[in-house]
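A short write-up of the structure that comes next.
The numbers here are math on the coordinates, done by the rules we state, and not lab data. No experiment lies behind these values; they were computed from the predicted model shown. Quick reminder, even Gly has a Cβ in these numbers, built from the backbone with ideal geometry, and neighbours come from all protein chains shown.
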Amino acid sequence: MNVFLKVSIVVSVLVSSAASASSARAVSLLTNSGFETGDLTGWTVAGNIVDFGVNRDGADLSANTFDSFNPSFQNVRSGNFAAYAVVRTNPAERAIFSQAVTVQPDTTYSLGYWLSADSRTGAYGLFNNFGNPTISVNGSDIEATGPSQFDTGASPSDFIFVSGEYTTSQEETSVLVDYSIIGSGTARAAFSVDDFTFEAVPESSFMMTIPFVFGMVLILRRKLN
């Protein structure tokens, strides 16, 4: 085997390993992000809402929702539990799920949650003139994105993702994050929320590996020569 082929194989292995590391799923920094304790452990819930909590898949949520939406049920994206909130836009009734999170300075984080509604209504609108779901860090809203409309349904695939990014300052080591859930009309509707995220964006892991890869190539070339 010639020197060039040996070096090429080594580079291929190193790059493949680096790519695998960079594509590994980031770890959420939130406590009880999927509500698998069966309750709201780790969370503070605020807002002028009439009904919220944690349930198993299929639990009836119709007690405080608008009759035309019923029956309304809990939907779970993963595991055995998910949270829910009964909200509306006018008059505003908003659920705010909050946690304090330990962070690294000067780091970009991805924040979000999965949202669904299992009810008789065909679809709900989001990010429109009626009101937007928001994510805020230390009291300041970040730009949250998601579908402008989503269909109701009873399966995990019926959840949509609302997300945004936040970059900490050079001094920040702890932040308070608020995930705000709001409806899109004047009638109360039950929304299921699950698998909240707050995780470091792993985009730099592969780039940080490049100098190491080229350093190893130079060393190997010297040895193989």
Once fully extended, how much extra length lies between residue 173 and residue 60, figured as 0.36 nm per residue of separation less the alpha-carbon to alpha-carbon distance?
36.6 nm
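At R0 = 30 Å, how high is the FRET efficiency between residue 160 and residue 92 if r is their beta carbon distance? Nearest 0.05 is fine. Let's see the in-between values first.
Working: r = 21 Å, r/R0 = 0.71.
Calculated transfer efficiency: 0.90.
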Burial ranking of peptide ranges 114-122, 143-151 (average Cβ count within 10 Å, highest at the top):
114-122, 143-151
Taking just the alpha carbons, could you work out the radius of gyration and Dmax for region 26-201, both in angstroms?
15.4, 50
Contour minus end-to-end for residue 51 and residue 149, with contour as 0.36 nm per residue of separation and end-to-end as the Cα-Cα distance?
33.0 nm
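On a full-extension model of 0.36 nm per residue, what is the gain between residue 107 and residue 40, subtracting their alpha-carbon distance, rounded to one decimal in nm? Display every interim value, and only then the final one.
On the way: separation 67, 0.36 × 67 = 24.12 nm, distance 2.77 nm.
Extra length available between residue 107 and residue 40 comes to 21.4 nm.
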Taking 80-89, 65-74 and ranking on average Cβ neighbours within 10 Å, highest first, one gets 80-89, 65-74
What would the Debye formula give as log10 I(q)/I(0) at q = 0.10, 0.11, 0.18 Å⁻¹ for the alpha-carbon point model of region 88-190, no solvent?
-0.31, -0.37, -0.86
Rounded to the nearest 0.05, what FRET efficiency do residue 141 and residue 68 have when you use their Cβ-Cβ distance and R0 = 35 Å?
0.65
